[in-house]
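Novice: Quick one: the structure is below, questions incoming.
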Amino acid sequence: MCMPTPRDVLALIERIRCISCEDERHALIKTLSAVERPTILSFLNAHGVNLCAGSSAAWSAFRASDVLLRDGVALETALPWLDQPVGLNMNGTDFIPLLLRHLSPRRVAVYGTAAPWLDEGIERLKERTPHDYVDAQHGFHSVEHYIARAREIEPDVIILAMGMPRQEEVAVQLKRALDHKVLIVNGGAIIDFLAGRFTRAPAAVQRIGLEWAFRLVQEPRRLFRRYCVGAFGFAHTVMLMRRAAMRSSSAPAPAPMHKEL
């Protein structure tokens, strides 16, 4: 399979659903509460853009998302350069708990992370949300295992907490294999945050867009490549996407078809 072009990655970014106010956020929650088929909710950040630029499998998995939301300040900075609306920062760490609090009682499965964080994260969710958590599986099984569990239990919501791009790839396989109404949420480190494995930045740090720096200080070995080295790759990809967008906008319109005499 060919590597994604800058135009391909730009097309993915153009699919981001821009949420610009609280009314739109609550309208999205209402939509997600009434899915009629297997539906994937994903979050795209700078790391995800880098993965998509370098992997056709990652790009295809993100492209299969039914709802794609912007996550993080890097994309907030880049989107105006690409003539795309910015909207609110819809990061999953904040939006997923909000979504779960507003959904009516559902049967929820959580697939991802590892012990003891998986059980502890689910306990926090039980305390804060009205749902029945019917299945919990660590994030190192085969995709066939998750499909078998989901077919057997038929949860209303599946939260995948495996990290990018594996969770997005598993989500696609679940979507293809399941035939009941289910919302599949690509949650990243949400369960680890809820369990206290990772600490959120203070609210003031989040407001000024430096949560990434706070996390880097906490986990320098794991996140240095993603945040520091990855920043250069992201900037390069944005430049290539901007060039692709400018070429598309300056391309001459096709000549009109002549009518037959």
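Novice: Looking only at strands (runs of 3 or more DSSP E) that lie completely in region 1-120, which have at least 2 residues being in contact with a Pro (Cβ under 6 Å, 6 or more places away or on another chain)?
Specialist: 107-112
Novice: Scanning region 199-209 for residues that are among the hydrophobic types (A, V, I, L, M, F, W, C) and surrounded by fewer than 17 Cβ atoms within 10 Å (Cβ to Cβ), which turns out farthest from the chain's Cα centre (by Cα)?
Specialist: So the residue we want is Ala204.
Novice: Looking at this structure, is Thr93 of a type in the set (S, T, N, Q) and within 17 Å of Leu160 (Cα to Cα)?
Specialist: On the way: of a type in the set (S, T, N, Q): yes; within 17 Å of Leu160 (Cα to Cα): yes.
In short, yes.
Novice: So if I check each of Asp71, Asp66, which one is within 12 Å of the chain's Cα centre (by Cα) and either within 23 Å of Ala245 (Cα to Cα) or touching a residue at least 60 places away in the same chain (Cβ under 8 Å) (or both)?
Specialist: Numbers: Asp66 fails: either within 23 Å of Ala245 (Cα to Cα) or touching a residue at least 60 places away in the same chain (Cβ under 8 Å) (or both).
The match here is Asp71.
Novice: Being buried (at least 18 other Cβ atoms within 10 Å of the Cβ) and either among the basic types (Lys, Arg) or farther than 27 Å from Arg151 by Cβ (or both) is the filter here; which residues of region 29-59 pass it?
Specialist: Within region 29-59, Leu44, Asn45, Ala46, His47, Gly48, Val49, Asn50, Leu51, Cys52, Ala53, Trp59 qualify.
Novice: Something else: Which numbered condition trips up Arg70, out of (1) modelled with pLDDT of 95 or more; (2) within 18 Å of Ile190 (Cα to Cα); (3) surrounded by fewer than 20 Cβ atoms within 10 Å (Cβ to Cβ)?
Specialist: (3)
Novice: Scan region 127-136 residue by residue and report those that are surrounded by fewer than 16 Cβ atoms within 10 Å (Cβ to Cβ) and touching a residue at least 24 places away in the same chain (Cβ under 8 Å). Spell out how you get there, then give the answer.
Specialist: Pass one, region 127-136, residues surrounded by fewer than 16 Cβ atoms within 10 Å (Cβ to Cβ): 127-128, 130, 132.
Answer for region 127-136, where residues must be surrounded by fewer than 16 Cβ atoms within 10 Å (Cβ to Cβ) and touching a residue at least 24 places away in the same chain (Cβ under 8 Å): Arg128, Pro130, Asp132.
Novice: Hey, any hits in region 159-167 for a residue that's aliphatic (A, V, I, L, M), farther than 14 Å from Thr93 by Cβ, at pLDDT below 90 and out of contact with any Ser or Thr (no Cβ under 7 Å at 6 or more places or on another chain)?
Specialist: Scanning region 159-167 turns up no residue that is aliphatic (A, V, I, L, M), farther than 14 Å from Thr93 by Cβ, at pLDDT below 90 and out of contact with any Ser or Thr (no Cβ under 7 Å at 6 or more places or on another chain).
Novice: Please enumerate the residues belonging to region 116-127 that are more than 22 Å from the chain's Cα centre (by Cα) and over 23 Å from Ala148 (Cβ atoms). Before you say what the answer is, go through the steps one by one.
Specialist: Just the residues of region 116-127 that are more than 22 Å from the chain's Cα centre (by Cα), to begin with: 116, 119-120, 123, 126-127.
Matches in region 116-127: Pro116, Glu120, Glu123, Lys126, Glu127.
Novice: Can I ask one more? Asp156 is checked against (1) in contact with a strand residue (DSSP E or B) (Cβ under 6 Å, 6 or more places away or on another chain); (2) surrounded by fewer than 20 Cβ atoms within 10 Å (Cβ to Cβ) and fails just one. What number does that condition carry?
Specialist: (2)
Novice: List the residue pairs whose Cβ atoms are under 7 Å apart, where the first residue sits in region 1-25 and is under 18 Å from Met246 (Cα atoms), the second is assigned to a loop (DSSP other than H, G, I, E, B), and the two are 6 or more positions apart or on different chains.
Specialist: Correct list of pairs: Ile13/Gln84; Glu14/Gln84.
The values are calculated or read from the model by the stated rules, or taken from the named source; none is laboratory data. Owing to the predicted nature of the structure, the values given are computational and were not obtained by experimental measurement. For neighbour counting, all protein chains shown are included, and Cβ atoms are generated from backbone atoms with ideal geometry for every residue, glycine included.
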